Amino acid sequence: MEPLRGWTIFRHRWPIVLACLAVAVVWATIHCASADRQYTASTELFLRAPDVKTSAGAYQGDLFSRQRAQTYVKMFDSDELAQMVIDKLGLSVTPQQLVSHVSATTVKNTVLMVVSVTDSNAQHAANIANGYGAVLGTFVARLENVANNPDIPPLVQVVARANPANAEASGSPIWMVFFAAGALALLAATGVIWVLEHFDTKVRSRRQVEEITGCEIVGKLPKTRALGSDGDVGQAFDDSEEFKQAALRLSLNVESVLQRIPRIKAEIPPVVAVVAGHGGDGSTVVTRALAGAFAERGRAAGIVNLTAPHQEREATDLVVAGSALAETGKRIDPVTTVSCSTAALTAELRGRDTLLLESDVILIDTPAFHESIDAQLALSAADAVVLVVRPNENTTLSLCRLVSAIKALDMPVLGVVVNLATESSTVEGFYL
């Protein structure tokens with residue numbers, strides 16, 4: 001996936017990424033809050049070797065202490081030793097419960113022994129570990145039967161006391177939990193986005209439009225707030241220079257393609273049907289923008305606005321807003337608008353001298369193709385067709401059906417107008 005395309009997909013699918021990250025943060029927070037964290041505190045003990053006066057005796061004493069250390073490790077499973085710690089610290093647990101939290105190991109090739117205690121509270125763990133260090137010497141002296149001999153020094157000495165500040169916490173650090181949750185969230189979001197993109201039926205790119213229609217894109221009308229909710233093209237021309245320039249380029253391209261179609265006679269104004277698959281695709285906006293652009297360039301455009309039969313207007317509803325540019329330079333749109341039913345379309349086109357004589361091009365604002373049979377009837381009265389596609393709204397299936405119907409009528413297609421979309425700078429031209 002090229003970087004620009006990935007960025008385009010992210011801009012379109014960012015709510016999925018945000019939702020996955022939000023779920024990950026909530027999960028990590030709950031996990032850290034509810035996790036039963038355990039702390040392990042350790043105390044280090046030294047096992048004294050017997051008093052000797054020769055080097056051979058010292059070696060034998062050291063070896064004796066090491067062997068003894070292995071035995072002492074096993075004593076930490078003793079309930080008697082655990083009871084001594086309980087009594088010393090005043091703990092409210094049984095010896096069996098305490099033994100399950102205690103472990104002991106020897107340091108290799110030394111006479112050192114490490115006693116470790118695990119508890120949910122670091123201070124408690126340290127206290128218990130130190131308690132074992134305090135009573136172990138007495139316990140060992142009792143076993144060795146030297147408890148009452150004042151001439152024998154302690155057999156066990158504490159080298160390092162347990163400190164709660166140095167207790168090791170079990171489980172992963174909080175930062176690692178959140179990092180892992182974030183990574184999994186991004187991975188999940190990537191998978192969801194891949195599935196959506198792979199099985200997406202919406203028209204998303206310029207390449208898709210060109211492949212499905214088999215036509216070139218003759219114009220693109222950008223999104224602009226100036227259109228408002230009612231699609232006020234006149235306001236868009238006045239407030240948005242980008243929209244105005246896009247409409248002018250569209251009119252130039254349409255006029256250029258019209259001149260190359262042999263079946264269109266130069267002495268008769270060409271009739272162009274502007275058709276879209278659905279009502280929300282903006283065929284009316286494209287029709288008015290195209291007519292306004294022709295007017296801006298000094299061309300007279302006639303618009304035939306098809307209405308339902310029960311809304312058929314009388315001849316007095318014919319609106320003619322000028323026929324040429326004013327000499328003062330102030331723009332007066334030379335656009336003639338006629339509203340009629342589909343049944344009266346042919347008579348309207350061929351029987352009204354005003355529309356024919358005052359127009360350089362006639363545009364039919366057709367109903368949505370997939371919503372009314374009148375659209376297909378209107379196409380049969382036109383000389384050529386302009387397709388209107390609204391990316392991220394139209395499906396590839398509806399666009400294919402529209403193209404197939406136009407091919408069945410053997411209608412020349414001037415091109416495709418991409419309506420209300422911004423194209424990304426990618427090879428495939430993804431729309432935002």
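The values are calculated or read from the model by the stated rules, or taken from the named source; none is laboratory data. Bear in mind the structure is a predicted one, so any value in this text is a computation, not a measurement. Cβ atoms come from the backbone with ideal geometry, glycine included; neighbour counts cover every protein chain shown. Surface areas here come from the heavy atoms of the whole protein model, side chains and all, with no ligands, DNA or RNA. Shrake-Rupley method; radii C 1.70, N 1.55, O 1.52, S 1.80 Å.
Here are some notes:
- Ranked by how many other beta carbons lie within 10 Å on average, peptides 84-90, 166-172 from highest: 84-90, 166-172
- Taking each of Lys223/Lys407; Lys74/Lys108; Lys202/Lys244; Lys220/Lys244 in turn, the alpha-carbon distance tops 23 angstrom for Lys223/Lys407; Lys202/Lys244.
- Solvent-accessible ranking of Trp175, Trp14, largest area first, probe 1.4 Å: Trp175, Trp14
- The packing ranking, built from the mean of other Cβ atoms within 10 Å per residue, places the peptides 99-108, 366-375 in the order 366-375, 99-108, highest first.
- HN-Hα J in Hz across the stretch 113-124 - Karplus 6.51, -1.76, 1.60, θ = phi - 60°, x for Gly and Pro: 9, 10, 9, 10, 10, 10, 8, 6, 10, 4, 5, 4
- What the stretch 146-241 shows is 65 Å² of accessible area per residue, with the surface traced by a 1.4 Å probe over protein heavy atoms.
- Inter-label distance, nm, simple model (7 Å from Cα along the C-beta direction), Glu216/Leu18: 4.0 nm
- Only Cα pairs under 8 Å and 6+ residues apart enter the sum, and on that basis the relative contact order of the stretch 69-148 stands at 26 percent.
- Per-residue HN-Hα couplings for the stretch 17-26 [Karplus 6.51, -1.76, 1.60; θ = phi - 60°; Hz; x = Gly/Pro]: 4, 4, 5, 5, 5, 5, 4, 5, 5, 4
- The phi torsions of the stretch 94-104, fed into the Karplus equation with coefficients 6.51, -1.76 and 1.60 and a -60° offset, translate into couplings of 8, x, 5, 5, 5, 4, 5, 9, 10, 9, 9 Hz, rounded to whole numbers, with Gly and Pro shown as x.
- The Rg/Rh ratio of the stretch 212-285, with Rg taken over Cα atoms and Rh as the Kirkwood radius over Cα pairs, comes to 1.01.
- Once backbone amide H atoms are built at 1.01 Å from N, Val304 has Val338, Leu363, Ile364, Asp365 as its partners under 5 Å, excluding neighbours fewer than 5 places away on the same chain.
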